[in-house]
Amino acid sequence: MRRFLSSATPIRGQRVLLRVDFNAPIRGRRVIDDFRIRETLPTIRHLLARDNTLIFLAHHSNRRQSLAPVAAHLGRLLRRPIRFVKDPFRRDAEAIHGSGLFFLENLRFWPGEEAASRAFAEDLGRLGEVFINDAFGVAHRQAASVSVLPHILPSWLGFLFKKELEAFDRLLRRPRRPLVAVF
């Protein structure tokens, strides 16, 4: 069963693990294309308006690339401070307590992410109370934060995820003719 985030969703004042697809191109320490980040802003703003603490979960295709530049860029877009957490399981674990915005380091830094480790997903799950997946672009991955975490916490799909599914539905069920598909 798919549950979509909406104005009626009972998520208020909670610690939300928000899976995002912020695999943005980075040059030096700067994001050079923030399209993916901006597309998730409606979900982020909706959750912030309801006094939730957000913990962003993401990966980068470059397994050695830190997501610190992405976190800084998101902070500028939101005009809010974001605490970047290099190691949420050891040294920086205490930094995630309290309210605010937290951005975890590239999940691919931990082997449990790509191995779809239940133990790794449970460690992530302990950081929050609910899970929102707004990362349609990575939904096909067998990764702990994508395919396992939704079975651990109460879960919903974000606004961007819903928008992407609706676009596919229009193409598959009500396409504008002529239609050309390239695979």
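So, R0 is 41 Å and r is the distance between the beta-carbons of residue 170 and residue 119; what FRET efficiency does that work out to, to 0.05?
Computed FRET efficiency for residue 170 and residue 119: 0.55.
Just one of [x] -0.47, -0.65, -1.51; [y] -0.52, -0.72, -1.38; [z] -0.58, -0.75, -1.28 is log10 I(q)/I(0) by the Debye sum over Cα atoms at q = 0.11, 0.13, 0.20 Å⁻¹ as worked out from the coordinates here. Which one is it?
Recomputing log10 I(q)/I(0) by the Debye sum over Cα atoms at q = 0.11, 0.13, 0.20 Å⁻¹ here gives the entry labelled [x].
Only four residue types carry charge here, +1 at the Cβ of Lys and Arg and -1 at the Cβ of Asp and Glu. Report the dipole size of segment 50-183 about the Cα centre in Debye, rounded to the nearest 20.
Here segment 50-183 has a charge dipole of around 640 debye.
Amide H neighbours of residue 57 under 5 Å, at least 5 residues apart or on other chains, H built in the peptide plane: list them.
Amide H neighbours of residue 57: 18, 19, 20.
Sorted by packing (mean other beta-carbon atoms within 10 Å per residue), highest first, where do 76-86, 58-68 land?
Packing proxy ranking, top to bottom: 58-68, 76-86.
Under the rule of at least 5 residues apart or a separate chain, name every residue whose amide H is placed under 5 Å from the amide H of residue 15.
Here the answer is 53, 129, 130, since their amide H atoms fall under 5 Å of that of residue 15.
Out of 104, 133, 143, whose Cα points farthest toward the positive end of the dipole of the chain (charges: +1 Lys, Arg; -1 Asp, Glu; placed on Cβ)?
The residue sitting farthest along the positive end of the dipole is 133.
Would any residue of segment 113-134 have its amide N under 18 Å from a label point 7 Å out along Cα→Cβ of residue 99? List them or say none.
128-130
Computed from the coordinates by the stated procedures, all read-outs in this text should not be read as laboratory data. Since the model is a prediction, treat every value here as computed from it, not as a measurement. Methodologically, a virtual Cβ is constructed for each residue, glycine included, from the backbone with ideal geometry; neighbour enumeration extends over all protein chains shown.
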